[in-house]
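> Structure below; questions to follow.
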Amino acid sequence: MQACPYDALYIDPDTHTAAKCNYCAHRVDIGLEPACVNVCPEHAIISGDMDDPNSEIAQLLAREQVTVRKPEKYTGPNVFYINGDSASLTPSETDRQDQYIWGSQNKGVGHYARFLEKTTDRKTFEDMVNELSPSSREMSFPPINPKRSVEVLMEKAKAKRVYDTPDKGILWGWEVAGYVLTKAISSGVILLLVMADLLGVKGVTQEVEYTTVFISLFFLLLTGILLVKDLDQPKRFLYVLLRPHWNSWLVRGGYSITFFGLFVSVWLFGLYFNIESVVLVARWLSVLAGLMVAVYTAFLFAQAKGRDFWQSPMLVLHMLVHSLMAGSAFFVLIGLVVAFSPSMNGFILLILKISTVVNVILIGIELSVPHATHDSKSVVEMILKGNYSKLFWIGAMLLGNIIPVLILFVNPQWAFTSALFVLSGIYVTEKIWIEAPQRISLT
Amino acid sequence: MGHQPTFIEKIAEKVGLIPTLRADESPLPSLTEPGKLQGFPPPEKWDDWEEYEATGWARKEKKKYSIVPTTCFNCESACGLLAYIDKTTGAVRKFEGNPYHPASRGRNCAKGPATINQITDPERILYPLKRTGERGEGKWERVSWDNVLDDIAGKIRKALQEKRHNEVAYHVGRPGHEGYMDRVLKSWGIDGHNSHTNVCSSGARFGYNLWHGYDRPSPDHANADFILLISAHLESGHYFNPHAQRIIEGMMAGAKLAVMDPRLSNTASMANYWMPSYPGSEAAVLLAMAKILIDENLYNRDFVENWVNWKEYLEHDHPGTSLTFENFITKLKEVYTEYTPEFAENESGVKAEMIINVSREIGKAGSRFATHNWRAAGSGNLGGWAVARCLHFLNVLTGSVGTVGGTSPSAWNKFKPNFFDNPPAQKFWNELHFPKEYPLAFFEMSFLLPHFLKEGRGKLDVYFTRVFNPVWTYPDGFSWIEALTDKSKIGMHIALTPTWNETAYYADYVLPMGHASERHDINSYETHSGVWIAFRQPVLREAARRNGKPFTFTYEVNPGEVWEEDEFWIELSWRIDPDGSLGIRDHFKSPYRKEEKITVDEYYQFILNILKA
Amino acid sequence: MRKYGAFEVENSSYEMHLKKLSENELSNSSTDIDNGIITKNGKAIGVKVGNEMVVGFPTPSRKQEFFSQTMNEWKWPEYTIPTYIKSHVHPEKIDQSKGEFPLLPTFRLPVLIHSRSGNAKWLAEIANRNPIWIHTSDAANLGLKTGDMVRMTTEIGYFVDKIWVTESIKPGIVACSHHIGRWRRQQDEGNRWATQTVAIENQGDGKWKMKKLKGIRPFKSADKDSSRIFWSDGGVHQNITHAVHPDPISGMHCWHQKVKVEVAHPEDQYGDIFVDTNKSHEVYKEWLKMTRPAPGPNGLRRPLWFARALRPDDEAFYIK
């Protein structure tokens, strides 16, 4: 759904699975024109075999100047427009509104439909709009560099959107931000433990190892639950694993999580039966899988070609650092119940300090490097100055990073508060990173 | 096809964890060679058509249909539809276009396929309803068709026996048939037809009628070189689907389009010339254009000289002038002197330069000049009829009346059916419909009815509203509510309608009538140069016939007890005259079975047999 | 016919006025030397043009009537030839300084059909509101932007609607689409895809008020889509606030309305409607004064050559 730069996919409210226009495959298969071609009084839509030089479509393509939508996405689109007006084809050239000339912004599919079905006659539209809509009134987009006179002029001459394709709303909501956090904890604690052991930190006892493995498995389970819950058709989770498309990072991620869980379980098995060789192998395999679990979301997001903001190469580091932050922060919390050795304690705090500082730097870089496209610029604006600015500056930066680091430096006794702040900071950051780009209309 | 399952998938499918997506073992055959597509299933397969279900894609679910043609009822165009009747459920699954319909040619606007919404609407009226509380109170009970017919027939019979013929009226919104009701009303001997025409096309009709006795235009857009629309026919209006097809056809072949409209409609936005005229100024612009055609000698002398009653004009307005064509042109120039492009610009806001350019293009197009106005300016303004009159003036000057690529009178492109029986014309004149004040009106002064009743010009004992919603559609709806709730003015109000509407709320009976796929009608309209006839039929009735399922009336096969008017009026007329003493029964006797009541099948059989011959 | 649903009777038909009269038709007919009109049994059946005896057009002259003797005979001598008649919304009758505009209330949308499409969910989903089109410059003068409310005052009442600011309309003119603004009262059924719930109050003495209680709402039914209705705006019923304007000649209701457009009053709510039917009766009487009633020549109610729906016997055309 997020991968399509044209926002063509939607969740069918009847089947709760993803659907899209397939050019009437069910008709074409038996030799019938797509329905839209057939019905149009003005013969405005023409389909056919582009490879047949005698076909109407091939001749039109040869004769007319045509445009396509978003050629920069290299999707090789096969829908061509004659006299395609850029105001109609480029979503950023017109503004999304709640009310268009003859109707409201279409909210008839996916999560909207589900919301309405559940709340018929009870909740209000306003509730729904606030919860799900990218175009809710509070979410107006700040213009980019509004002071430049040329753009003000352009703004004035801006075309007006009079109707729109259905709005899919925020598809990836709290579940996704939540699972990024839980998997960061799950993989982070393992990575941290192995690092500590490798660096010869004293105090990596069997008790610590047990605790870590249990915590990791617990959060991995949570991750799995959130992942399945996020799917509109939870049974389709099986499809991800059992009908794999290997170049999808959803599949790769799914397998990473599965194998990570498997290796950590084996590790536990080794620990329990005290088979050192098994523990050793399982540990290393867990580290490898854990790394994958920590960072694969960055690649998954990058596959969402529709979302320019997620195309940043920084995202891999960002995910890895979040994993270390989450791991160390959680260790701090474990420290409240399990007594760590002083050197283990010191190591944990050190990693927490370093990763949080690095995190601030990374986010700084991520937001300040020049963004090439209008869409990602808009997201940055939204985060720094727009609708997400409060959440970002106060929730993510101040409470999630700066205050915890200050606490760690000023009074390590209060480390557990800073750990709590860091964990919530990760959640808030992920929420912003996941939600904000989805508020850009793609079509 | 392209999907190569991995071993994981194969195993999972085997174990039964996920459903098997095996390739279909007996795929449906393709109608065409690879790379080629066609629009519709071939008619020889309509009785037994199999295709894949759209919503079940990937699973390649097959579905068997019986395809029955009918005609859309969602505007007056009467475009063709094909109803796909699911052979398993027996219900209509969807509507597509009918490729054999000469006007719509398989294409439809959104309203055609949306017929499926109307027939499956969970809130539609399925049974005859009778008011239980006060009129307008909104309380109803279900009654039988038998009771309805007896009650209404008795009331009408009484009125006819007491010579209160003018107290029975049938008021129609969307007719959708050819002459059916005229025949019924004549058989009752009443002047009881009221229509919606004068909130619709009276203005344009009057303007056209003055010119040549035909009241509507039939432009031949497909063959035109220049098209002038005072309408938005690429997107809306009567015959929009058939017209839009042919306007585009004409444009693709090089025709230019000018649209006169104060609003940038989608049609105007596709035009070569958008002439944003001030509302009501259109005739001024058109006369300025006529003046240019005359002054610049761009008119068709042959046609004007032979086919315009200019001698009568000279005789009457310029007595003493010798009756030569040159004198007529001289006088014509004189009489329109003030209509300069500048004057027109001043009145309309359309730039003089554009008026000149468009006029010259029209002159160049000559007899290939198609024009259209029906409502729009013609229906908006005091004297709006002059817009159509001045528009047709341009057709007359260019000699594009009835030519290839020109504009024909409607009747030339319309088929009139012959009936099995033609009752004599009624001897009454109902002044509630045609009052003395409006001797020239086209047609009934329908929207003034509440005011006429208020003034005590008459009353109505039995008032049918049929696919007609004046409370909402007409101006001044509250005056309608006042009239409809006053039982001393309207004795009984019967609403025949396929859907609930604001007028039906104020009825005594609400009688459910069929949507497009649930009723019979013959249709023929002037959509283009050519004459066609279309047959609207209750598709489930036809399916029942094909399956040999027995039934007497259409409401037995339609959803609920939704009827269609043809049978309703036959039954009602029969019951108005139980002993035949009123002479009404004579007009409803079968042409094929002596002395017996005609069936709806026989009614159409007669018309179509003549047509075949 | 049952099988194909339609067929072509003729694939083209042009210049039918040139159709020659048959010998049979011409027998016992006479031709007027001056105007060429061919008459048989007292009725014109065709016209001689050049040397051809053809059917011509069904007018008294059998030709295209640039000059209409009928208009002359029926007391409209000023309109015997094509003329420009100033509309009832001509700028001379509109006082812009008082905020008056002509309202174009008639234009149609491709997806709706009068009030009959109210139970078609796909169509209601596409179009369910009818804001007032107003030009950017006029909106600026009123200090309004898209979505703001205006009170539209007609001759007989007013309605409160929102505006849609656009360059696609001529300045000085406002427009509002037909089809939309459907309603039901609380006790009424049906069409919930397109109707909003209103309360109607008869205040007596011809004064009526309509207030919107609820917009369009999702509802439970056998069709799951009814619980997924995401639109709530059902538009405003404008026609009910229009005065009747019968054209004295054609009888057409002249739809354009002179309206006063002003910023909505503080007490106004979207969808409010007020009408005084006594005023509407007064407007009717004013327009009635413009008519020039029958009888015409020979005591006729209507020219015999004019078409009439459900045409009565000729004898009924004469006022007795």
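> Among the residues of segment B:25-47, is any assigned to a helix (DSSP H, G or I), under 39 Å from the mean Cα position of the chain (by Cα), surrounded by 14 or more Cβ atoms within 10 Å (Cβ to Cβ) and facing chain A (nearest Cβ under 8 Å)?
no
> Show the residue pairs meeting these rules: Cβ distance below 7 Å; 6+ apart or different chains; first residue within segment B:273-289 and more than 7 Å from every other protein chain (Cβ to nearest Cβ) and of a type in the set (D, E, K, R); second residue open to solvent by 10 Å² or more (accessible area, probe 1.4 Å) and part of a helix (DSSP H, G or I).
none
> For C:Ile33, state whether it is of a type in the set (Val, Ile, Thr), more than 11 Å from chain B (Cβ to nearest Cβ) and in contact with a strand residue (DSSP E or B) (Cβ under 6 Å, 6 or more places away or on another chain). Walk me through how you get there before you give the answer.
Values: of a type in the set (Val, Ile, Thr): yes; more than 11 Å from chain B (Cβ to nearest Cβ): yes; in contact with a strand residue (DSSP E or B) (Cβ under 6 Å, 6 or more places away or on another chain): no.
So C:Ile33 does not fit the description; no.
> Just to be sure I understand, how many residues within segment C:122-153 are at the interface with chain B (Cβ under 10 Å from one of its Cβ atoms), part of a loop (DSSP other than H, G, I, E, B) and surrounded by fewer than 24 Cβ atoms within 10 Å (Cβ to Cβ)?
0
> Hey, can you tell me all the residues within segment A:197-228 that are of a type in the set (Ser, Thr, Tyr) and more than 21 Å from A:Leu241 (Cβ to Cβ)?
Within segment A:197-228, A:Thr205, A:Tyr210, A:Thr211, A:Thr212 meet the criteria.
> I would also like to ask the following. Of the residues that sit in segment A:191-234 and are among the charged types (D, E, K, R) and more than 21 Å from the chain's Cα centre (by Cα), which one is most open to solvent (accessible area, probe 1.4 Å)?
A:Lys202
> Need pairs with beta-carbon distance below 6 Å; first residue touching a residue at least 24 places away in the same chain (Cβ under 8 Å) and within segment B:24-37, second assigned to a loop (DSSP other than H, G, I, E, B); sequence gap 6+ or separate chains.
B:Asp24/B:Lys60; B:Leu28/A:Ile30
> Kindly establish whether A:Pro41 is part of a loop (DSSP other than H, G, I, E, B), within 11 Å of chain B (Cβ to nearest Cβ) and either buried (at least 18 other Cβ atoms within 10 Å of the Cβ) or under 31 Å from the mean Cα position of the chain (by Cα) (or both).
yes
> Name the one entry in B:Glu134, B:Glu167 that is in contact with a helix residue (DSSP H, G or I) (Cβ under 8 Å, 6 or more places away or on another chain) and in the same structural domain as B:Phe606 (by TED's automatic domain parsing).
Working: B:Glu134 fails: in contact with a helix residue (DSSP H, G or I) (Cβ under 8 Å, 6 or more places away or on another chain).
Criteria check complete, one pass: B:Glu167.
> Which one is farthest from the chain's Cα centre (by Cα) among residues in segment A:347-377 that are open to solvent by less than 20 Å² (accessible area, probe 1.4 Å) and over 26 Å from A:Val332 (Cβ atoms)?
That would be A:Leu367.
> So, in segment C:273-305, how many residues would count as being under 21 Å from the mean Cα position of the chain (by Cα) and at the interface with chain B (Cβ under 7 Å from one of its Cβ atoms)?
So the answer is 7.
> When you check A:Gly327 against the structure, is it open to solvent by less than 50 Å² (accessible area, probe 1.4 Å), in the same structural domain as A:Phe421 (by TED's automatic domain parsing) and not in a helix (DSSP H, G or I), yes or no?
no
> List the helices (runs of 4 or more DSSP H) inside segment A:50-166, counting only whole elements, that have at least 2 residues being out of contact with any Pro (no Cβ under 8 Å at 6 or more places or on another chain) and either under 29 Å from C:Trp164 (Cα atoms) or at pLDDT 85 or above (or both). Please lay out each step first, then the result.
On the way: elements: A:56-63, A:86-89, A:110-119, A:125-132, A:149-156.
In segment A:50-166, A:56-63, A:86-89, A:125-132, A:149-156 are the helices (runs of 4 or more DSSP H) which contain 2 or more residues that are out of contact with any Pro (no Cβ under 8 Å at 6 or more places or on another chain) and either under 29 Å from C:Trp164 (Cα atoms) or at pLDDT 85 or above (or both).
> Tell me yes or no: at least one residue of segment B:232-239 is within 26 Å of C:Val111 (Cβ to Cβ), touching a helix residue (DSSP H, G or I) at 6+ places or on another chain (Cβ under 6 Å), open to solvent by less than 10 Å² (accessible area, probe 1.4 Å) and at pLDDT below 95.
Checked against the condition, which is being within 26 Å of C:Val111 (Cβ to Cβ), touching a helix residue (DSSP H, G or I) at 6+ places or on another chain (Cβ under 6 Å), open to solvent by less than 10 Å² (accessible area, probe 1.4 Å) and at pLDDT below 95, segment B:232-239 yields at least one hit.
> Still on this model: So which residues in segment B:182-200 are of a type in the set (S, T, N, Q) and more than 8 Å from chain C (Cβ to nearest Cβ)?
Correct list: B:Ser187, B:Asn194.
> Looking at B:Leu323, is it within 13 Å of chain C (Cβ to nearest Cβ) and in a helix (DSSP H, G or I)?
It is false that B:Leu323 is within 13 Å of chain C (Cβ to nearest Cβ) and in a helix (DSSP H, G or I).
> Turning to a different aspect of this structure: Are any residues in segment A:1-38 of a type outside the set (A, V, I, L, M, F, W, C), under 17 Å from B:Trp57 (Cβ atoms) and not in a loop (DSSP other than H, G, I, E, B), and if so, which ones?
The answer is A:Tyr10, A:His26, A:Arg27.
> Still on this structure, I have one more. If you check B:Pro113 against the conditions, is it open to solvent by 20 Å² or more (accessible area, probe 1.4 Å) and either closer than 30 Å to B:Trp532 by Cα or touching a helix residue (DSSP H, G or I) at 6+ places or on another chain (Cβ under 8 Å) (or both)? Steps first, please.
Working: open to solvent by 20 Å² or more (accessible area, probe 1.4 Å): yes; either closer than 30 Å to B:Trp532 by Cα or touching a helix residue (DSSP H, G or I) at 6+ places or on another chain (Cβ under 8 Å) (or both): yes.
For B:Pro113, the condition - open to solvent by 20 Å² or more (accessible area, probe 1.4 Å) and either closer than 30 Å to B:Trp532 by Cα or touching a helix residue (DSSP H, G or I) at 6+ places or on another chain (Cβ under 8 Å) (or both) - is met.
> Also, I was wondering about something else. Does segment C:289-309 contain any residue that is surrounded by 14 or more Cβ atoms within 10 Å (Cβ to Cβ), at pLDDT 95 or above, of a type in the set (Ser, Thr, Tyr) and more than 20 Å from C:Pro77 (Cα to Cα)?
Checking segment C:289-309: not a single residue is surrounded by 14 or more Cβ atoms within 10 Å (Cβ to Cβ), at pLDDT 95 or above, of a type in the set (Ser, Thr, Tyr) and more than 20 Å from C:Pro77 (Cα to Cα).
> Determine whether B:Trp472 is open to solvent by less than 10 Å² (accessible area, probe 1.4 Å), in contact (Cβ under 8 Å) with a residue 12 or more places away in the chain, more than 7 Å from chain C (Cβ to nearest Cβ) and not in a loop (DSSP other than H, G, I, E, B).
no
> Separate question: Quick check on segment B:61-91: of everything there that is in a strand (DSSP E or B) and touching a helix residue (DSSP H, G or I) at 6+ places or on another chain (Cβ under 6 Å), which residue is nearest to the other protein chains (Cβ to nearest Cβ)?
By that ranking, first place goes to B:Thr70.
> Could I ask something else about it? Criterion first (open to solvent by 30 Å² or more (accessible area, probe 1.4 Å), under 20 Å from A:Val176 (Cα atoms) and not small (Gly, Ala, Ser)) does A:Met319 satisfy it?
On the way: open to solvent by 30 Å² or more (accessible area, probe 1.4 Å): no; under 20 Å from A:Val176 (Cα atoms): yes; not small (Gly, Ala, Ser): yes.
Taking the combined requirement at face value, the residue does not satisfy it.
> Taking the options C:Glu25, C:Glu78, C:Glu8, name whichever one is surrounded by fewer than 14 Cβ atoms within 10 Å (Cβ to Cβ) and not in a loop (DSSP other than H, G, I, E, B).
Details: C:Glu25 fails: surrounded by fewer than 14 Cβ atoms within 10 Å (Cβ to Cβ); C:Glu8 fails: surrounded by fewer than 14 Cβ atoms within 10 Å (Cβ to Cβ).
Just one listed residue meets the conditions, C:Glu78.
> So which of B:Glu50, B:Glu96, B:Glu13 ends up being without any contact (Cβ under 8 Å) to a residue 60 or more places away in the chain, acidic (Asp, Glu) and either open to solvent by 50 Å² or more (accessible area, probe 1.4 Å) or touching an Asp or Glu at 6+ places or on another chain (Cβ under 6 Å) (or both)?
Answer to the selection: B:Glu50.
The values are calculated or read from the model by the stated rules, or taken from the named source; none is laboratory data. Since the model is a prediction, treat every value here as computed from it, not as a measurement. FYI the Cβ positions are ideal-geometry reconstructions off the backbone, even for glycines, and counts take in every protein chain you see. The protein model used for the area step is the full one, side chains on, heavy atoms only, and it has no ligands, DNA or RNA in it. Shrake-Rupley method; radii C 1.70, N 1.55, O 1.52, S 1.80 Å.
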